[in-house]
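Written out below as structure tokens is the structure these notes cover.
Read the figures in this text as sums done on the coordinates, not as results from a lab. Everything numeric here is computed off the predicted structure, so don't read it as measured data. So basically every Cβ, Gly included, is an ideal-geometry build from the backbone, and we count neighbours across all protein chains shown.
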Amino acid sequence: MDYGPALNKWLPAAGAASASAVLFFSGFFAFVFAIPIQIILVRRGNRYGAVTALLLIGLIFVGRVIQVSGLGPLSPDLVKFLILDSLLPAGIVLALLGYSFGRRYLLWSLRLPAVAAVALVFALPAVHEIVTPGRLEELFSGDFGAMFFGLDSQGSSAWLADQVALVLRNTIGVAMLSTIAANWWIGTSFAGLRANRMPVMGLHRAFVDDRVIWALIAGFGLIVFEWIFGIGNIWSAIGWNLALCAAFLFGVQGLGIIQHELLRRGVSPSVLRWTLTAVAVAVVVPGINVLVIGGLPLLGASEIWVNFRRRGTDESNPES
């Protein structure tokens, strides 16, 4: 029996899944581990991409089993760790699949938070385990805390643990959103290199649904209510996640407005990709980062009332 055709058909899937697994286990590049999956989705379609994604999830689980096998027999705690640790990357990969499958049904600015919510459901068990009282404090109270954070007392390690847990609870939503967006953006861009084109070169045609402003208002409302009335940290966390996710989307729209104005003034389209690099650099520059992080969402949200660009069906989707 000739297995050549079948091997040639599925070899790219195995290669992409393996490359994603290497990125995930590298640590440094784990944030963009799903780029090869997105490349497969663009070049070979959703069904082929779904098989590749399932291969990746299996590889990640097997890799974790190999990692923990050196720690001794698989105890219930280790099995729990394996399951929780595999859920987060599985959620991100499934969210990418959902974003691709749902392209014909929802505008990107509604589809992205929808699939990010799915990824968040997968991530919440691991987050809950991390922020369990005493878990982070135990980590920071030992040699790790003294070496990397200069902690010299139980009280200081408890304070740091509380702060890390607070930040994690308040930003997990936008972390999922930005991770999915980054993997989609970079993967789709790389997928177009073979055809010598950049299908998502710019954001000048990226519009956010006006209804997203209500998520921003609701988020800030919950934050203020918790601050004034003390309604509970859970409501504050929901508020921060809503507000930050909406701000991220409006920030994308704000960047799109800037790119639109550059194009209108005759700037070469090849320059558009460098605006993303400039923003990424500005975000880490003290002083300037405050203007960028606050200014871009405000600029994007202002288009609800000020029509900087002419909206139309041919200018509503950055994927076209």
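Modelled spin-label separation between E129 and A30, with each label point placed 7 Å from Cα along the Cα-to-Cβ direction: 1.2 nm. Assuming R0 = 30 Å, can you tell me the calculated FRET efficiency for the pair V121 and Q67, based on Cβ-Cβ distance, to the nearest 0.05? Calculated value: 0.75.
Full extension of the chain between F225 and R47 gives 59.5 nm of extra length, using 0.36 nm per residue less the Cα-Cα distance.
Positive-end ranking of F225, A243, V292 along the dipole of the stretch 203-320, with charges on Cβ about the Cα centre, is headed by V292.
Here the extension length gained between Q163 and I304 equals 47.2 nm, from 0.36 nm per residue of separation less the Cα-Cα distance. Label-to-label distance, V267 versus I293, with points set 7 angstrom from Cα along the beta-carbon direction: 2.3 nm.
Sorted by packing (mean other beta-carbon atoms within 10 Å per residue), highest first, where do 293-299, 224-230, 9-15 land? The partial results should precede the final answer.
On the way: 293-299: 16.6, 224-230: 12.0, 9-15: 14.3.
Per-residue mean Cβ counts within 10 Å order the peptides as 293-299, 9-15, 224-230.
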